[in-house]
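**Student:** Here it is: the structure, laid out below.
The values are calculated or read from the model by the stated rules, or taken from the named source; none is laboratory data. Nothing here was measured: the structure is a model prediction, and the numbers come from that model. Neighbour counts run over all protein chains shown; Cβ positions are idealised from the backbone, glycine included. Ligands, DNA and RNA are stripped out before the accessible areas are found, and what is left, the full protein with its side chains, is counted by its heavy atoms. Shrake-Rupley method; radii C 1.70, N 1.55, O 1.52, S 1.80 Å.
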Amino acid sequence: MRVALTGCGFWSRFQIAGWREIGVPVVAVHSRNPERVRATAERFGIGRAYTDLDRMLADGGFDVLDVCSDVPGHLPAVLAAAERGLPVICQKPLSDKPEEVARMADACRASGIWWAVHENWRFQRPFRAMRRWIDDGAIGVPYRIRLTFLQSFPVFDNQPQLKEAERFILSDLGTHLLDTARYLGGEADRLFCLAGRVRPDVRGEDSATVLLRFESGAHGCLEMTYAGLRERDEFPSTFALIEGDRGSIELGRGAELRLTTSRGTRVESARPPAYDWADPAYLLVHSSIVDCLLELRDAWVSGRPAETSGEDNLRTLSLVFACYESAERGEAVRPRRF
Ligand code: 89V
C-alpha cells in the first residue's frame, strides 16, 4: 500500500509519522501552500510535493488518497478521489454540513470505491480494553455510558481554525465522543442536546451536553467543553463510566481503568506506547493514530470495509447533526440516516 496525502497542517505531521510507524510509505504530498508542502516533503523525505491536487492525482503512483486537510478541504478532495475511482481516507469530520456529507456519500457510493474515515478516538487503548470487558460480559448488561471531556487545554494554539469554526465542539470533538459511544454501546435512536458558547472569543459552541438512548435501551450521557477550569484537568483524556447490571468500568486519570464487580475492583493501566514523534501533550490521541491506521491498512489490503468505513461513519455523523438539530429546536430528535 502506498499513500498520497493532502493537507500539510498541524495534524499531517503525526499522520505521516503514523503511516511510517506501520511501514506504509507516503509517496506524494499536497498542499495549496507552497512553503508548507515543501517543508513537509523535506521533513519526511517525500520525493513528490504538489500545490495542485488534480496534478498529484493525475500523476498517480499510489493506492489511497489520505485527506488530512482542514474540514473545508474534505469535500473537493473526496469528490476528486471518487471521480478517479481512487480509494480514499478522510479525516473526521467529513464535513460540518449534512448536504456536503451527502454529496461525498453519493459520490463514493456511485464510484464504488473503498472509502474510510480516519476516526481514531475509539482506537485509544482504554476504549479497546473497555469494549473487550463488555464483550466478555465482565459487567453484565450495560445500562448507562457516560463520557466526559472537560478541558481547559489551549486547543486553539495548534488548531487556530477551530476558533473560527461556526460549528465547533460538537463537530470537532462531539464526532469523536459520539463515535466512541457507538463503539461502546451500539447504535442510538434518540437524543437530546444542549449546546452553548462560554468563551466570548470563540465563534461556535464550545460546550455541550448530550443525552442518548441506545437501541439496547441503555442511556448515554456525554459532556464536553474546552472552556473548563478545573483543578484536575487532563488533556486529552476522556473520562468514562460504564454501568452494567453486574458491575462497572471506570476510566480515569492516567488511562487507569477500574473494573468493579461483586468480587471487588481490578485496576489496570491502559497507557499507550510513547512514540518519539508524538507530541507528549497529545499522547493518548497521537498513539491512537497508529492503531487506527493499522486497521485502515489491514482493511484496504484485504479489500473489506474498515471498522471506520465511510458507511459506518455516516451513522456517527447522523448523531452529530441530530445534536445540532436538537440544540436548535430545544427538543429530543431521532437521527436521520444518510
Ligand atoms: O483529535 C482531534 O480531533 C483534535 C482535538 C482532540 C484537539 O480536539 O481536534
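**Student:** Let me have the relative contact order for the chain, percent, based on Cα pairs under 8 Å that are six or more residues apart. It would help to have the intermediate numbers written out before the result.
**Tutor:** On the way: 704 pairs, mean separation 60.9, N = 338.
For the chain, the relative contact order is 18 percent.
**Student:** How large is the translational diffusion coefficient of region 222-279 in µm² per second when you combine the Kirkwood radius over alpha carbon pairs with Stokes-Einstein at 10 °C and 1.306 mPa s?
**Tutor:** Values: Rh = 13.5 Å.
Once the numbers are plugged in, D ends up at 118 µm²/s.
**Student:** For region 78-141, give the magnitude of the charge dipole about the Cα centre (Cβ charges: +1 Lys/Arg, -1 Asp/Glu; no others), in debye to the nearest 20.
**Tutor:** Values: 10 positive and 8 negative charges, 55 e Å.
The calculated dipole for region 78-141 is roughly 260 debye.
**Student:** Okay, next question. Once the convex hull of the C-alpha atoms of region 125-174 is built, how many Å³ does it hold per residue, rounded to a whole number?
**Tutor:** Values: hull volume 5.5 nm³, N = 50.
Hull volume normalised by residue count: 110 Å³.
**Student:** So what's the gap between the Cα centers of region 161-218 and region 270-300, to the nearest angstrom?
**Tutor:** Taking the Cα centre of each part, region 161-218 and region 270-300 sit 23 Å apart.
**Student:** Only Cα pairs under 8 Å and at least 6 apart count here; give the relative contact order of region 175-284 as a rounded whole percent. The partial results should precede the final answer.
**Tutor:** Details: 161 pairs, mean separation 16.0, N = 110.
RCO, region 175-284: 15 percent.
**Student:** Let me ask you something else. Would you kindly work out the equivalent ellipsoid of region 1-46 from its C-alpha gyration tensor and give its semi-axes, the square roots of five times the eigenvalues, largest first in whole Å? Each step should come with its number before you reach the end.
**Tutor:** Working: eigenvalues 56, 20, 16 Å².
Each semi-axis is √(5λ); the values are 17, 10, 9 Å.
**Student:** Of all the accessible heavy-atom surface of the chain, with the other protein chains kept in place and a 1.4 Å probe, what percent is carbon and sulfur? It would help to have the intermediate numbers written out before the result.
**Tutor:** Working: 6710 of 14580 Å².
Ligands and nucleic acids excluded, carbon and sulfur reach 46 percent.
**Student:** Same structure again: Which value, in Å², gives the accessible area per residue of the chain when a 1.4 Å probe is used on the protein heavy atoms? Please list the in-between numbers first.
**Tutor:** Details: 14580 Å² over 338 residues.
With the other protein chains kept in place, the chain gives 43 Å² per residue.
**Student:** State the extension gain, in nm to one decimal, for the chain segment bounded by Arg263 and Glu295, taking 0.36 nm per residue of separation less the distance between their alpha-carbons.
**Tutor:** Working: separation 32, 0.36 × 32 = 11.52 nm, distance 3.49 nm.
Net length gain for the segment: 8.0 nm.
**Student:** Something else now. Restricting things to Cα coordinates, could you compute the convex hull volume per residue of region 158-206 in Å³? Can you show the working numbers first?
**Tutor:** Working: hull volume 4.2 nm³, N = 49.
Enclosed volume per residue, from the Cα hull, is 85 Å³.
**Student:** Something else now. For the modelled label position 7 Å from the Cα of Glu223 along Cα-to-Cβ, which residues of region 188-203 have backbone nitrogen atoms closer than 16 Å?
**Tutor:** Under cut-off, by backbone N: 193-196, 198.
**Student:** Just from its helices, what would the mean residue ellipticity at 222 nm be for the chain, if runs of 4 or more DSSP H residues each count -39500 (n - 2.57) and the sum is divided by every residue, rounded to the nearest 500 deg cm²/dmol?
**Tutor:** On the way: 11 runs with 125 residues, N = 338.
Mean residue ellipticity at 222 nm (helix-derived): -11500 deg cm²/dmol.
**Student:** When the dipole is taken about the Cα centre of the chain, and only Lys, Arg (+1) and Asp, Glu (-1) are charged at their Cβ, what size is it in debye, to the nearest 20?
**Tutor:** Details: 44 positive and 48 negative charges, 86 e Å.
That gives the chain a dipole magnitude of about 420 debye.
**Student:** Where the only charges are on Cβ atoms (+1 Lys, Arg; -1 Asp, Glu), what is the dipole of region 39-163 about its Cα centre, to the nearest 20 debye? Could you put the intermediate results ahead of the total?
**Tutor:** Values: 16 positive and 16 negative charges, 136 e Å.
Here the size comes out at about 660 debye.
**Student:** On to the next question. Give me P(r) over region 210-338, computed from all C-alpha to C-alpha distances, binned every 10 Å, as integer percentages.
**Tutor:** For region 210-338, the binned pair fractions read 10, 25, 37, 25, 3 percent.
**Student:** Any chance you could get the radius of gyration and Dmax over the Cα atoms of the chain, in Å?
**Tutor:** Rg, Dmax (Cα atoms, Å): 19.7, 62.
**Student:** Here's something else I'd like to know. Starting from the alpha-carbon convex hull of region 117-236, give the projected area averaged over all orientations, in nm². The partial results should precede the final answer.
**Tutor:** On the way: hull surface 32.6 nm².
Result: 8.2 nm².
**Student:** Now for a separate question. What residues from region 265-302 fall in the zone where the backbone N is under 14 Å from a label point 7 Å along the Cα-to-C-beta line of Phe153?
**Tutor:** Those under the cut-off are 272, 278-289.
**Student:** Over the residues of region 54-190, compute the C-alpha Rg and express it relative to 2.2 N^0.38 Å.
**Tutor:** Working: Rg = 17.5 Å, N = 137, 2.2 N^0.38 = 14.3 Å.
Normalised Cα radius of gyration, region 54-190: 1.23.
**Student:** Right, something else. Rounded to the nearest 5, what % of DSSP beta bridges with both residues in the chain are antiparallel?
**Tutor:** 60 percent
**Student:** As an exercise, use a Förster radius of 35 Å and the Cβ-Cβ distance of Asp136 and Arg336 to find the FRET efficiency, rounded to the nearest 0.05. Please report the intermediate quantities before stating the final value.
**Tutor:** On the way: r = 34 Å, r/R0 = 0.98.
The computed FRET efficiency comes out at 0.55.
**Student:** I'd like the isolated cysteines in the chain, meaning no second cysteine's beta-carbon lies under 4.7 angstrom from theirs.
**Tutor:** Cysteines of the chain left without a disulfide-compatible partner: Cys8, Cys68, Cys90, Cys108, Cys221, Cys292.
**Student:** For the pair Ala110 and Glu83, how long in nm is the line joining their label points, each one 7 Å along Cα→Cβ?
**Tutor:** Reported label-point gap for Ala110 and Glu83 is 1.1 nm.
**Student:** Quick one: go through region 236-274 and flag any residue whose amide nitrogen is under 18 Å from the point 7 Å out along the Cα-to-Cβ line of Thr209.
**Tutor:** Inside the label zone: 239-241.
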